[in-house]
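The values are calculated or read from the model by the stated rules, or taken from the named source; none is laboratory data. Everything numeric in this text was worked out from a predicted model, so none of it was measured. Please note that ligands, DNA and RNA were not included when accessible areas were found on the heavy atoms of the full protein model with its side chains. Shrake-Rupley method; radii C 1.70, N 1.55, O 1.52, S 1.80 Å.
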Amino acid sequence: MTTPDESLPLLRRDVAIANRILERVGLSHAFGHASARIPGTNTFLIPTRRSPGLAEADDLLVIDTEGRLVSGEGEPNSEFWIHARLYAAREDVGGVVHAHPQACVCLTQIGEPHRVVHNQGGIFLDGVPEYSPIGLIRTRELGDLLAKVVGGGNSAMMRGHGITTAFDDVRAATVAACYLEESAALQLRMLAATGGDAGRLRTFSRAEAEPLRDQISGNVAKRAWEYFAAVASQLPLGSGLSR
Ligand SMILES: [Zn+2]
């Protein structure tokens, strides 16, 4: 069996890949970040303050849920409080993604809630609540407020800003962020095709969407991560595994 210490290089690699995915698939450009809880602790791995597309496994910081830098060199992303306070609020969460995907931002700015309109959207069956204050999450208090909006769910849309996903691990949080943007983009196209009439959308019923929760687990999630990680590997991943 792998102990937490032995698995840390692999977790570091996952976090670097997750961040690169966010940039490679267009969920973020210069901004956005993915993190992973170090199992069994109140600390998490997160990149330094630069584009997620430039994340390196050996340059990650370790921060705790009180926002204190535990180890690593450099300045954290200014919105690290998103991650810190979500991990504080939710012991079950092992991975958090925050990104600025355009279709999701558009949905918030036309006042449309997320609706399940395709299979992968089924993982958001329980709804994607909106965090409506404008601006960045740069304080502990705002981090707590966002965590409250996410509640026991797996995501939130942030008005005019982006999204946050919170899942068991960083792979799931990252794949889910990709699904959420895909879902929002489809919803926008459907709204455009209906002249903006949301009443004409054939939103999945709860009974229809329920079996689709498996789109973020098992072999489906494994296949999605494999693909997105391959896309992200167009950039060299640094020497993090050698440490
Ligand atoms: Zn942001």
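For this structure, a couple of remarks:
- Taking all Cα pairs closer than 8 Å and separated by 6 or more residues, the relative contact order of the chain comes to 24 percent.
- In Hz, Karplus ³J(HN,Hα) per residue of region 212-224 (6.51, -1.76, 1.60; θ = phi - 60°; x = Gly, Pro): 8, 4, 6, 5, 10, 9, x, 5, 5, 5, 4, 5, 5
- Mean separation of Cα contacts under 8 Å (6+ apart) over length of region 122-219, as relative contact order %: 34 percent
- Residue 227 accessible area, 1.4 Å probe, all protein chains in place, Å² to nearest 10: 130 Å²
- Fraction of accessible area attributable to carbon and sulfur, region 107-243 (%, probe 1.4 Å): 51 percent
- For region 178-194 versus region 110-130, the spacing of their alpha-carbon centroids is 10 Å.
- Here residue 167 sits with roughly 20 square angstrom of accessible surface, probe radius 1.4 Å.
- Heavy atoms of residue 126 accessible to a 1.4 Å probe, total area in Å² rounded to 10: 100 Å²
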